[in-house]
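Peer 1: Submitted below is the structure of interest, expressed as C-alpha cells.
Every read-out reported here was derived from the displayed coordinates using simple, explicitly stated rules and does not represent laboratory data. Everything quoted here is computed from the prediction, not taken from an experiment. Ideal geometry is used to build each Cβ from the backbone, glycine not excepted, and the neighbour counts take in all protein chains shown.
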Amino acid sequence: MSSKKASIATYLVFIVLGIAFFIMARNFPPTSGLYVSGPSFYPELLSAVMVLAGVVGIAVTLKAKDTTIELANLHRVFYTFGIIVIWVILWQYTGKFYLISFVGSGVMLWLLNGEPASKKKLGKTLLINCIIIGAFFLVFRVLLKVNL
Amino acid sequence: MFNFDFSQLLSINNLFAILFGSLFGMMIGALPGLGAAVGAAMLLPITYTMEPLPAVLLLIALYQGAEYGGSIASIVIGVPGTGGAVATMLDGTPLAKGGYPGKALGYSLTASSIGGIIGVVLLMTLTGPLTKVAIKLSDPEMLLIGLIGLLSVTALGSGDVWKSVLSIVLGLFMGTVGIDVFTGSKRYTFGSLYLTDGISLVAMLAGLFALCEVLSMVMGNLNQHYVTDTKNLKTRISWKEFLDVKWTILRSGLIGTIFGIVPGLGAGPASWFAYTTTKNSSKQPESFGKGNPHGICAPEAANNGCVGGALIPLISLGIPGSSTIAIVSSALVMQGINPGPQVMQTNTQLVYGIYWGLLIATIAMYFLGKFTTSLWARLLVCPNYVLVPIVTIAAFIGAYAVRGFFIDVWFAVAAAAIFFILKRIDFSAPAFILAFVLASLVERSFRRSLMLGRGSFLIFFTRPACWILWALLAVMIVSMILRRRKARSSR
C-alpha cells in the first residue's frame, strides 16, 4: 500500500473530523460569566489546530517521497478483529464473561495455530484454553472478586 | 524521606506486589513483542482492588523487571524483548554465541540493577526540589509545562511531525468529552449518560497497548518457536569483570535517568545514546558488536535508569515521563490520587513509599533475576499464538472492571482498530496517550489563566517564570527544526 495515499487519506479524515467537531462545538451553550470562556472555546481552538495540521500535513506529504507499507497476513488481522467484536457482543448480551471467553479464546487459539487440523491440535487447544481461562478465573473471580 | 514509616512498606501486600511485579515484568519483557506498557495494561485491573501503595509498587516493579527482561531475549536468541533492549543485542548475542550466555546475562542483570538504583537515587534527590518549584507555579506556567511535555513527544519522536501533532490534538480532543468543569455543559456526549464522565483512560490504555498489540502480533509468525540453548544460562560475572565496567554502568545509568525525565524519550533512545557514547569513548571501539561487555552494560543500565527518571516529572509536575508511567498515573487516579506537586504534601508517605519501594524492587530484581533468568529464557519456546488470547482477555478485564460499562470495552476495541491503522502510517500512540492524560491539565490551566488575565493572552508573557518556559519551548522548536533539516540533508 502507498504510504503517501494512506497518509493523505488520513489527513483528510482529520480535516473532516476537525470541521465536524467545530460545528458541534458551535452548538454548545454560551457562557454568561465575565472573562469565563465558554465550553466551546477550547474545542473550537483544537478543531482549528486539527484542520490546520491536516492541511499542512497534506502539503508536506505531497512533496515527500512515496514508500510502501508492508501489510503481511492482513486476513489474520481481519478475523482476529472479527472474533474480538463478536466476543464483546456475546459477552454484553449474555453477561457470562468466562464462558464466552472460553469460546472466544478457543476459536482464536484454533485459528491462529498454523498446524493442520487434527485430534492432537484439538486436544492441545482445549488444554491451553482451560489453563488460560482457569488462571484468569482464579485470579480475578476467586482471589480478587472482580465482577465481570 | 528518611522519616518514612518503613513498617508500612514491609507489609505482606507490598512485598508480594514487588515480588509479583518483578517476576511478571521479567517474563513479559523476555517475550518478544510485549513490553512494560503491555504488561502494565494487563496488570492494571488487578490494582483496582488494592491499596494505593501496593498498586503503584506492582506496576513500577513490573516496569523495572520488564526493562531487564527485554535483554534476556536479546542475548539468548538475538530478538529484542523490548525497544530498550535492541542495542543490547549488538554485543549480547555475540557474547552468548561465543559460549558465554550466562556471562552476557550477568553483565545485563548487574548493569540493569545498578542503572535502576541510579534512577531511584535521582528520583529521591530531584523530585523534592522540583516539587518545591512546581508548587509555586500558577496556571500560565503549568500550561507551558504541559505544552513542553507535549512538544517534547513531538520533537523527539522519530516520526512525521504533523502526524505527531495530530495524535496530540486527537488526545486533547478526547479529553474534552464529558462535562465541562467550568460551566457544567455537556460536550460531545451525544446524549449518552456514560460519556458525561468522559472517556475512560484505562479503556484507551487497554485498547492502545494491549488490543492494538494483539492485532500487530497476528501479522507476524505466530507459530515460531524460538529454539533456545538453555545451557550456561547461570547469570554470573566476577568482581574483576564488574570493576572493568563500573564507569560505563554509572555513566549510562545517569544518561538513562535524564532521558527518562523527558517525556517521549524513554528507554529506546536512552539505550542507544548510552551505547554510542560508550563506544565513542572506548579505546577499542572496533571490539563493539563482537561481544564487548561495555556494549551490554551501557544500554541495560540506561533503560533501567529511565524507570526512576520517568517517575520524576509524574510526581513533581503530574506529567508522565513514559507510556508505562501514564498507566501508573491512571492507577493512582483510580485510587483517588491526582499525581502532581500537591501529592507530595497530601500523600507524603505514599510518595516516600514509592521511592523506597522502587529501590527494594530494583534490588529484588537482581536476586530474582539471578535465580529465574534461565526460566524466562526457556519460556521463549512458547509460541506467540498462545499470547494472543491472554492479552485479549486481560485487555477486556482492564477496560471493563473500572466502571463496569460495556461502552469502555467498545472504546478499547475502537481505539485498537483506529491506532492499528494509524500506527502503520507513522502516527504516534505515545503522543496520543500523553496528550489524553494531560488534556484536563492543559485545558484547565489555559482557561483559568485567561480568567486570571481577564481574557487577555498577555498573562502568558508577563510573568518571569513564563519567560524561562517560553525560552525552553523556543530552544526545543529550534533544535527540532535543525535536527530535521540535518536528517533531510543527510538523506
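Peer 1: Just to be sure I follow: if Rg is taken over the C-alpha atoms of the protein assembly as shown and Rh is the Kirkwood radius over the same atoms, what is Rg/Rh?
Peer 2: On the way: Rg = 24.2 Å, Rh = 25.3 Å.
Result: Rg/Rh = 0.96.
Peer 1: May I ask you to order B:415-426, B:34-45 by the average number of other C-beta atoms within 10 Å around their residues, highest value first?
Peer 2: Numbers: B:415-426: 19.8, B:34-45: 28.3.
Ranked from most to least packed, the peptides come out as B:34-45, B:415-426.
Peer 1: Ignoring trypsin sites (Lys or Arg not before Pro) that are buried or in helix or strand per DSSP, and keeping those with at most 13 other beta carbon atoms within 10 Å, what is the longest stretch of chain A between them? Walk me through the intermediate numbers first.
Peer 2: Details: sites that count: A:LYS65, A:LYS96, A:LYS145.
That would be A:1-64.
Peer 1: Going highest first, how would you order B:18-28, B:335-345, B:90-100 by mean Cβ packing within 10 Å? Can you show the working numbers first?
Peer 2: Values: B:18-28: 25.3, B:335-345: 17.5, B:90-100: 20.5.
For the peptides B:18-28, B:335-345, B:90-100, the packing ranking is B:18-28, B:90-100, B:335-345.
Peer 1: In addition: Determine the dipole magnitude for segment B:391-491: charges of +1 sit on the beta-carbon of Lys and Arg, -1 on that of Asp and Glu, nothing else is charged, the reference point is the Cα centre, and the result goes in debye to the nearest 20. Can you show the working numbers first?
Peer 2: Details: 14 positive and 3 negative charges, 119 e Å.
It works out to roughly 580 debye.
Peer 1: For segment B:76-145 and segment B:381-398, compute the distance between their C-alpha centroids and round to whole Å.
Peer 2: 26 Å
Peer 1: Averaged over peptide A:40-50, how many Cβ atoms belonging to another chain are found within 10 Å of each residue's Cβ? Please list the in-between numbers first.
Peer 2: On the way: counts 4, 7, 14, 8, 0, 4, 10, 2, 1, 6, 6.
That works out to 6 on average.
Peer 1: Between segment A:111-140 and segment A:56-101, what is the C-alpha centre distance in whole Å?
Peer 2: One Cα centre to the other: 23 Å.
Peer 1: Let me ask something else. What average number of partner chain Cβ atoms lie no more than 10 Å from the Cβ of the residues making up B:420-428?
Peer 2: On the way: counts 2, 2, 2, 0, 7, 12, 6, 3, 0.
Taking the mean over all residues of the peptide, I get 4.
Peer 1: Calculate the length of the line joining the C-alpha centroid of segment B:335-349 to that of segment B:1-56, in whole Å.
Peer 2: 19 Å
Peer 1: Determine the dipole magnitude for chain B: charges of +1 sit on the beta-carbon of Lys and Arg, -1 on that of Asp and Glu, nothing else is charged, the reference point is the Cα centre, and the result goes in debye to the nearest 20. Please report the intermediate quantities before stating the final value.
Peer 2: On the way: 32 positive and 18 negative charges, 223 e Å.
Dipole about the Cα centre, nearest 20: 1080 debye.
Peer 1: Here's another thing I want to ask about it. Determine the dipole magnitude for the protein assembly as shown: charges of +1 sit on the beta-carbon of Lys and Arg, -1 on that of Asp and Glu, nothing else is charged, the reference point is the Cα centre, and the result goes in debye to the nearest 20.
Peer 2: On the way: 45 positive and 22 negative charges, 201 e Å.
The calculation lands at about 960 debye.
Peer 1: Quick one: length gained pulling B:PHE4 to B:ALA471 fully straight, 0.36 nm per residue minus the C-alpha distance?
Peer 2: The B:PHE4-B:ALA471 span can extend by a further 164.3 nm.
Peer 1: Taking Cα atoms, how many degrees apart are the long axis of helix B:348-379 and the longest axis of chain B, rounded to 10 and kept between 0 and 90?
Peer 2: With both axes taken from Cα atoms, the answer is about 40 degrees.
Peer 1: Between B:VAL181 and B:LYS486, 0.36 nm times their residue separation minus their Cα-Cα distance comes to what? Write down the numbers at each step before the final one.
Peer 2: Working: separation 305, 0.36 × 305 = 109.80 nm, distance 4.41 nm.
Answer, rounded to one decimal: 105.4 nm.
Peer 1: Further, regarding this structure: Just to confirm the number: angle between the C-alpha axis of helix B:52-76 and the first principal axis of chain B, 0 to 90 degrees, nearest 10?
Peer 2: 40 degrees
Peer 1: Considering only the other residues whose Cβ falls under 14 Å of the Cβ of B:LYS163, what net charge follows from Lys and Arg at +1 and Asp and Glu at -1? Present the calculation step by step, with values, prior to reporting the outcome.
Peer 2: Numbers: positive: A:LYS4, B:LYS423, B:ARG424, B:ARG484; negative: B:ASP160, B:ASP426.
Net local charge, B:LYS163 excluded: +2.
Peer 1: Could I ask something else about it? Can you give the angle from 0 to 90° between the axis of helix A:41-63 and the longest principal axis of chain A, with both taken from C-alpha atoms, to the nearest 10?
Peer 2: 80 degrees
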